[in-house]
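Inspection log for the structure reproduced underneath, given as structure tokens.
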């Protein structure tokens, strides 16, 4: 069943709206997002100074409530009470989709506990934007921000190195420089895409083999989104029979079946059974 949050008279239902905002270029916002923001009784935002730039551009005059990682728990009771009065409340982050490595998950869960409806207003995402231009495997694992503790980072890299998918991280340039050695150690043989200032005037994309990765000579501004490629598939190199194996096969070909010879020879060689079988067959046909 498809639910429409807006009725024929264009009335928006009360509830919490998770609204995606641009990750850089202020034009990257949907018409629906603008409409929801304008009709919101309150807008929860990380940094009111940042959000005011976007909201002013689209003439959104809804009331703002500062809601960041340091006060979201403190705000919780107040926001839930507002939502219980059937208000329309939007949650936005400084950039991209809220509650994904940004404040929001705590409020969403509390809304679900209180049977308050939560609606997604999709739009810009640094994760999907970076993966879409990577050229890597479309199956990806999103890790988020690097942890503060060095040992935790190494522990997680060890686990992630076994994943056969693309891996997406958020990271500051400073922390990236400190992590280059570990990235090269755990993800050797893979490729990396480094995205800086996506969709902005000075956007930059660095594509390189991880084995050739180097630290930035100076710390660029802004956070980085990096995508590490899937594990490199080992090429199935053609391994041929040794001359000694061939001689052994020639001695056995009249006495044993091809299947028995194939089983015996394969025990002491990495040559595929199919190749051994085909060699036996060739000898049989020559007799």
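Every read-out reported here was derived from the displayed coordinates using simple, explicitly stated rules and does not represent laboratory data. Nothing here was measured: the structure is a model prediction, and the numbers come from that model. Methodologically, a virtual Cβ is constructed for each residue, glycine included, from the backbone with ideal geometry; neighbour enumeration extends over all protein chains shown.
Pick out which of 259, 221, 178 has the largest mean-square fluctuation in a Gaussian network model of the chain, springs linking Cα atoms closer than 10 Å. In the Gaussian network model the winner is 259. Highest mean packing first, where packing is the average number of other Cβ atoms within 10 Å per residue, the peptides 97-108, 52-63 line up as 97-108, 52-63. Taking all Cα pairs closer than 8 Å and separated by 6 or more residues, the relative contact order of region 161-222 comes to 38 percent.
Relative contact order, whole percent, for region 243-286 stands at 40, derived from Cα pairs under 8 Å and 6 or more residues apart. Semi-axes of the equivalent ellipsoid of region 26-175 are 31, 19, 15 Å, computed as sqrt(5λ) over the eigenvalues of the C-alpha gyration tensor in descending order. Considering only 260, 156, 41, the Gaussian network model of the chain with Cα springs below 10 Å gives its largest mean-square fluctuation to 260. For region 243-286, the convex hull drawn through the C-alpha positions has a volume of 63 cubic angstrom per residue.
Label-to-label distance, residue 26 versus residue 172, with points set 7 angstrom from Cα along the beta-carbon direction: 2.7 nm.
Which of 265, 18, 92 ends up with the largest GNM mean-square fluctuation for the chain, with Cα atoms connected below 10 Å? It is 265.
Each 10 Å bin, from zero up to the one with the longest distance, holds this percent of the alpha carbon pairs of the chain: 6, 22, 21, 17, 12, 7, 7, 6, 2, 0.
Only helices enter the 222 nm calculation for the chain: every DSSP H run of n ≥ 4 contributes -39,500 (n - 2.57), and dividing by all residues gives -11500 deg cm²/dmol, rounded to 500.
A Stokes-Einstein calculation at 10 °C with viscosity 1.306 mPa s, built on the Kirkwood radius of region 152-287 over Cα pairs, returns a diffusion coefficient of 84 µm²/s. Based on Cα contacts under 8 Å between residues 6+ apart, region 120-195 shows a relative contact order of 34 percent.
The orientation-averaged projected area of the convex hull spanned by the Cα atoms of region 82-170 comes to 7.7 nm².
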